[in-house]
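A quick write-up on the structure given underneath.
The values are calculated or read from the model by the stated rules, or taken from the named source; none is laboratory data. These numbers come from a predicted model, not from an experiment. Note: ideal-geometry Cβ built from the backbone for every residue, glycine included; neighbour counts use all protein chains shown.
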Amino acid sequence: MGLLILMALNCFCVMFLNKKDQTVAVVNCFGMWSAFSLMYWGGSGVSRESLSELFCVDIYSSSMISLSLWICGISILVSSCMINLRGVFNTYLVLVTLLCFLLVQCFMVNTLAMFYVLFESTLIPLASIIGIWGGQIERVPSIQYMAAYTVGGSFPLLLIFITMEVHAGSSFMWFISMKTSLNWMFWGGCFLGFLIKLPAFPFHSWLPKAHVQAPVGGSVILAGILLKLGGYGITRMMMLFSYTLESFGILVMSFSIVGSVYGAFMCLRQSDIKKLIAYSSVSHMAFSIMGLFSCTEVGMVGAYIMLVSHGFISPGLFVLSGINSEMVHSRKIKVMSDGVRAAPSLGFFWLVMIMANLGVPPCPVIISEVLSVVCVIALYPWVFVLLLMYFILSGAYSFSLYCQLTRTKKKIKMKVFFNEVTLKDMSALYFLFYPLAEVLFKWDLWAMM
Amino acid sequence: MQMLSMIVFLVMSLMASIAMLFMSSIFWVWVMTDVGTLFLIPFLSAETRPKKSWFTGVATYFVVQFFGSVMILGGIILDWAIQATDCSSAMMCFGFALKLGMVPLHFWVSRSFVYFHYGGIFIVGAGQKVFVVACVPLFSDVPLCAYAYYLMAVGSMIYGPIAMFNAIAVKSFLAYSSVTHTGFLVIGSFFGLHIVYAYSFIYCVSMAFLVFMLWSGDCKFMKNLGSELPGYYKTGFVCIAMSFSGFPPFLDFCTKFVIIQLSMEQNSTITITAVLTSSLINLIVWVWVLFIVTSSEVKEPGFLSGTTGQNVLNMSCIIWNLFMGAGFSMLY
């Protein structure tokens, strides 16, 4: 509650600043709120600093809260550097701050009813961001896709919490029910909305459309935190209904394994950088799903490492793609190589982010992948063949991407709009590297003691 | 003078409709319904610039309402004279469904609305319908008629938003929106009159805001909404659109939530499916409308740039859609 009050008060104070100072002020506010949110990190169990009638926070929600605040700040930072963010920038600040406010509450609330309302409400600011600052007319169908998938997929969840309210009188999330035998339709209803949000194969088709149409800041938020709502929701539903390994979970894991290979294969075929990053998100989120549905502590740790790490790496890729595509006014990978040749430092940053995305040590993604693979193989060893295909394909598309971006075939004339990348442009990227190191050293934070 | 006459006839129609709510006999309900409809005719015919089109809309409306009334009266007489309950209920069910414009008897709604003025659209599309829905007998002694009435309401809820997607004219869009909400009102009537009254109030106020904004911009075609809708009303319109989309925590989500909750208590699976399906299609439609409205190439005044009255209306619309949902949920 203290965090929300602090956020509200800070926003009120920022309103009175000059418009040109507001951007810096808001970014600083996000930094301060992120630091404040670290108070909630108390290891396993409920955080004492968060206890109130409406809110309750444990390590899973506190890590998501900190991620939300950090990523929303990065989104504002990166958008302030973009020249293609037309219109009134203050509207963007308001929308991102509102979205962050809703997200923080979403990760803190006690009841499933409020969680659902906030879960759906986060769609409004994002749809507004895509609608106002999206580049093309196709942004309208992309928003319709995103809204229909997300809202439609969570209708069963709406029915479930209404049932809880009607029959039990409350949808309090921290009541842990006795393990009962519930059929696959119930589990499908519980998890469908979150699986679509993640997004899980085969419900992933909205994500590439949304990412392509969104501005850089919107993609940062979508990839960095909004997808993680799905993972968090699955965790809470499992906790609430004492979910253990069931046939539904095995089906979901099977789809995820196929989805990871499918995502990596689609990345190989992409010429649009944003679509490539979107499909790579589909692949990586598949590992989170495998970890969560394995119902093991190892799987849970692996899933959350992936969720948090991906929350920094994927936005980093989008930031780089935003800077690079602004230089050449195109999202085509082959054209973006002109920008890398004009600003060679970009090539280095691309290499680092692609390696982090691939899971090259010391990036924490490798820990997550190993833990998730261990969980899945424990169920059925021959799955290793498919996972091996994923690792080969992900290496192939990463290598191909880097080669295309840094090819040195000389052209007569390079078409770039500016050939210098300054510290200010890259500041967002630096702020994304640091938390990865923190995750690497504290990777066992989500282990239950 | 014309405005005065419009107000007078409207007030008389309203009085007849209110009197209808207190009638205990179905015959007097029919009488008051028809009196209310008759007083609406001059109101609907009033145009500041008379043209041939008003006649088309009003005539269509009058003929349909007359035919519906004949069916209802026929049913009443049959029941009184020869106690043919099945036949009389069927005739009354048909008559009320025709008057309300429920699927598949909705053919007249769009044809009439296109020729009405915006005041007429609000009165016929929202005001009159809520009174008629409140007085319809639910045919509990003839289950077949009750099911038919119920299924027509379900059909209206699902068909309405699909037709809204294909609407070219704004008035046609409002017509099908009215069909959707009529279905919703009728479904609510199966759960109790208190739901009907609550949702009627909410629907009327929301439609009043919507219709007023569209009237102030003299909006004709959906594709031109972005340029025709005044800039100082756009924020309010966006709030209405988000509410009708069904996004929480806006008002329309809360009303649908209550209906679903009641349906869950009574294990009414068809209602739940219909409400959710309708909500999903509505979501897609209103997202489309939102983008038409917000994508304008004309540089125009923005939020709080109108006169005091316009700004107050805009703010009231925003507050109504954003906060009344929570208020309604707490009250309910």
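List of remarks:
- Matching residues, the stretch B:195-237, being surrounded by fewer than 19 Cβ atoms within 10 Å (Cβ to Cβ) and closer than 19 Å to B:Ala326 by Cβ: B:Ala198, B:Phe201, B:Val205
- Residues in the stretch B:303-313 include none that are in a helix (DSSP H, G or I) and within 13 Å of chain A (Cβ to nearest Cβ).
- Selection count where residues are outside any helix (DSSP H, G or I) and crowded, with 20+ Cβ neighbours inside 10 Å, scope the stretch B:143-185: 1
- Some residue of the stretch A:91-112 being aromatic (Phe, Trp, Tyr), closer than 30 Å to A:Val166 by Cα, surrounded by 21 or more Cβ atoms within 10 Å (Cβ to Cβ) and within 12 Å of chain B (Cβ to nearest Cβ): no
- Any hit, the stretch B:203-212, residues being within 14 Å of chain A (Cβ to nearest Cβ) and at pLDDT 85 or above: no
- Test result for B:Tyr199, part of a helix (DSSP H, G or I), within 29 Å of B:Ser45 (Cβ to Cβ), in contact with a helix residue (DSSP H, G or I) (Cβ under 7 Å, 6 or more places away or on another chain) and hydroxyl-bearing (Ser, Thr, Tyr): no
- Whenever a residue of the stretch A:141-159 is at the interface with chain B (Cβ under 9 Å from one of its Cβ atoms) and surrounded by fewer than 23 Cβ atoms within 10 Å (Cβ to Cβ), its partners that are assigned to a helix (DSSP H, G or I) and among the polar types (S, T, N, Q), lying with C-beta atoms within less than 8 angstrom and at least six residues away or across chains, give the pairs A:Phe155/B:Ser279.
- From the list A:Leu195, A:Leu182, A:Leu251, A:Leu207, the one residue that fits, being more than 14 Å from chain B (Cβ to nearest Cβ) and not in a helix (DSSP H, G or I), is A:Leu182.
- Index of the failed condition, A:Leu268 passing every other in (1) closer than 20 Å to A:Ala356 by Cα; (2) buried (at least 20 other Cβ atoms within 10 Å of the Cβ): (2)
- The listed residue being aliphatic (A, V, I, L, M), in contact with a Leu (Cβ under 6 Å, 6 or more places away or on another chain) and farther than 22 Å from A:Ile130 by Cβ, out of A:Ile234, A:Ile250: A:Ile234
- Filtered residue count, the stretch A:115-140, keeping only those that are facing chain B (nearest Cβ under 8 Å) and polar (S, T, N, Q): 1
- So A:Ile289, is it among the β-branched types (Val, Ile, Thr), in contact with a helix residue (DSSP H, G or I) (Cβ under 9 Å, 6 or more places away or on another chain) and surrounded by fewer than 23 Cβ atoms within 10 Å (Cβ to Cβ): no
- Residue in the stretch A:168-175 that is in a helix (DSSP H, G or I) and either facing chain B (nearest Cβ under 10 Å) or of a type in the set (A, V, I, L, M, F, W, C) (or both) present: yes
- Only one of B:Val238, B:Val287 that is touching a helix residue (DSSP H, G or I) at 6+ places or on another chain (Cβ under 9 Å), facing chain A (nearest Cβ under 8 Å) and either assigned to a helix (DSSP H, G or I) or at pLDDT 85 or above (or both): B:Val287
- Per the conditions (1) at pLDDT below 70; (2) not in a helix (DSSP H, G or I), the sole criterion not satisfied by A:Arg407 is (1).
- Residues of the stretch B:248-278 satisfying the condition of being touching a Gly at 6+ places or on another chain (Cβ under 7 Å), of a type outside the set (Asp, Glu) and more than 10 Å from chain A (Cβ to nearest Cβ): B:Leu251, B:Ile259
- Close pairs from the stretch B:181-199: first in contact (Cβ under 8 Å) with a residue 24 or more places away in the chain and closer than 12 Å to B:Leu100 by Cβ, partner outside any helix (DSSP H, G or I) and β-branched (Val, Ile, Thr), Cβ under 9 Å, at least 6 apart: B:Gly183/B:Val103; B:Val186/B:Val136; B:Ser189/B:Val136
- Selection count where residues are hydroxyl-bearing (Ser, Thr, Tyr), modelled with pLDDT of 90 or more and farther than 30 Å from B:Met207 by Cα, scope the stretch B:69-125: 0
- For the stretch B:130-142, the tally of residues that are over 22 Å from the mean Cα position of the chain (by Cα) and surrounded by 13 or more Cβ atoms within 10 Å (Cβ to Cβ) stands at 2.
- You will find that of B:Ala153, B:Ala146, the residue that is small (Gly, Ala, Ser), touching a Cys at 6+ places or on another chain (Cβ under 9 Å) and under 18 Å from B:Gly192 (Cα atoms) is B:Ala146 and no other.
- Screening A:Lys332 on (1) modelled with pLDDT of 85 or more; (2) crowded, with 24+ Cβ neighbours inside 10 Å; (3) more than 25 Å from A:Tyr232 (Cα to Cα) shows it passes everything except condition (2).
- Residue among A:Met32, A:Met64, A:Met39 that alone is surrounded by 13 or more Cβ atoms within 10 Å (Cβ to Cβ), over 17 Å from A:Val94 (Cα atoms) and modelled with pLDDT under 80: A:Met39
- Search result, residues across the stretch B:143-168 that are under 17 Å from the mean Cα position of the chain (by Cα) and small (Gly, Ala, Ser): B:Ala153, B:Gly155, B:Ser156, B:Gly160, B:Ala163, B:Ala167
- Residues of the stretch B:78-124 satisfying the condition of being of a type in the set (D, E, K, R) and more than 14 Å from the chain's Cα centre (by Cα): B:Asp79, B:Asp86, B:Arg111
- Within the stretch B:17-61, tally of residues that are assigned to a loop (DSSP other than H, G, I, E, B) and either modelled with pLDDT of 85 or more or of a type in the set (A, V, I, L, M, F, W, C) (or both): 3
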